[in-house]
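Participant: Have a look at this one.
Each value in this text was obtained by applying a stated rule to the coordinates, not by laboratory testing. Only a predicted model underlies this, so the values are computations on that prediction, with no experimental measurement involved. Cβ atoms come from the backbone with ideal geometry, glycine included; neighbour counts cover every protein chain shown.
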């Protein structure tokens, strides 16, 4: 991995040329003044903010990022940067130009298919090109890369490569799932399927971040910028599940974790997760897992106490 501070505008001398990187490139710096970078073409990568908030213009569309979000950029996309907040710490990670296609092809195809390459879709990551919520584990990866980049130790270079390859593999797997989901959408044009998928994926991620709040179909349709009927139909086509079913699935997943790992009462958990009533929560939980919330907690804790070193 090559580590550098943020580039000056002359870094990309020809803003119309797609950059090629022979190694992973990390550009990061803790700023004490405003920073702007003109529109330029980028390689495939991830843009994040370790601290602060900033505006980015991806293919002329404004994206606002903070420390809880990151932006995936596709190769050949156009990016402009406006960081007007002081004490901001941006991180631009661009992948080795040839590696994404190599990893994607190994994940997408059998050995026989790899001998007859020709699927350009594995080189196109535009279905992921949007702002994503950054999980705590991913925040740690970004921070670790920033620390590692400042070190000259050879084992740190190896660790950086492993972290970056892990990121890249996840993006390739996510892209594979995105391609599969977008192909479920009943639209003739690929461009239409892509546009609709990006709206559905953004809304799905919004659901994951706001599951604890009361959420209506109208709320979700507003995020997708569609009317409720059209949104419901396209979401189900895309993910093979209704928006309400997906919301319930997310809530129940968090319920299992809280029942197993916290001492919160079942009533508290029901309220925290946004269920309408304790009765609804208990019924849905039993329907999904064939146990009541109380039975699940008792069973989980019994197993925990049976494991040596756990419990007492």
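Participant: So what's the angle, to the nearest 10 degrees on a 0 to 90 scale, between helix 278-289 and the longest Cα principal axis of the chain?
Facilitator: Between helix and principal axis, roughly 70 degrees.
Participant: Counting DSSP beta bridges with both partners in the chain, what percentage is antiparallel, nearest 5?
Facilitator: Antiparallel bridges: around 90 percent, rounded to the nearest 5.
Participant: While we're on this one: Return the FRET efficiency for the residue pair residue 240, residue 5: r is the Cβ-Cβ distance, R0 is 51 Å, and the value is rounded to the nearest 0.05.
Facilitator: The pair residue 240/residue 5 has a calculated efficiency of 0.65.
Participant: Relative to the longest principal axis of the chain, what angle (0 to 90°, nearest 10) does the C-alpha long axis of helix 190-210 take?
Facilitator: 50 degrees
Participant: Just to be sure I understand the model, the point goes 7 Å from the Cα along the line to the Cβ. What's the resulting residue 61 to residue 271 distance in nm?
Facilitator: 4.0 nm
Participant: Taking 7 Å along the Cα-to-C-beta vector as the label spot, tell me the residue 76-residue 174 distance in nanometres, rounded to one decimal.
Facilitator: Calculated label separation equals 2.2 nm.
Participant: Right, here's the next one. Say each of residue 249 and residue 263 gets a label point 7 Å from the Cα, pointing the same way as Cα to Cβ; how far apart are those two points in nm?
Facilitator: 3.5 nm
Participant: Let me ask something else. Once you have the Cα-Cα distance between residue 233 and residue 50, take 0.36 nm times their residue separation minus that, and quote the gain in nm to one decimal.
Facilitator: 62.1 nm
Participant: Also, quick follow-up: To the nearest 10 degrees, how steep is helix 228-239 against the longest Cα principal axis of the chain, on a 0 to 90 scale?
Facilitator: Helix 228-239 sits at roughly 80 degrees to that axis.
Participant: What FRET efficiency would be calculated for the residue pair residue 98, residue 209, taking the C-beta separation as r and a Förster radius of 41 Å, to the nearest 0.05?
Facilitator: Approximately 0.75, to the nearest 0.05.
Participant: Among 76, 260, 160, which one shows the highest mean-square fluctuation when the chain is modelled as a Gaussian network with alpha-carbon springs under 10 Å?
Facilitator: 260
Participant: So between residue 68 and residue 190, what do we pick up on full extension, going 0.36 nm a residue minus the alpha carbon distance?
Facilitator: 40.8 nm
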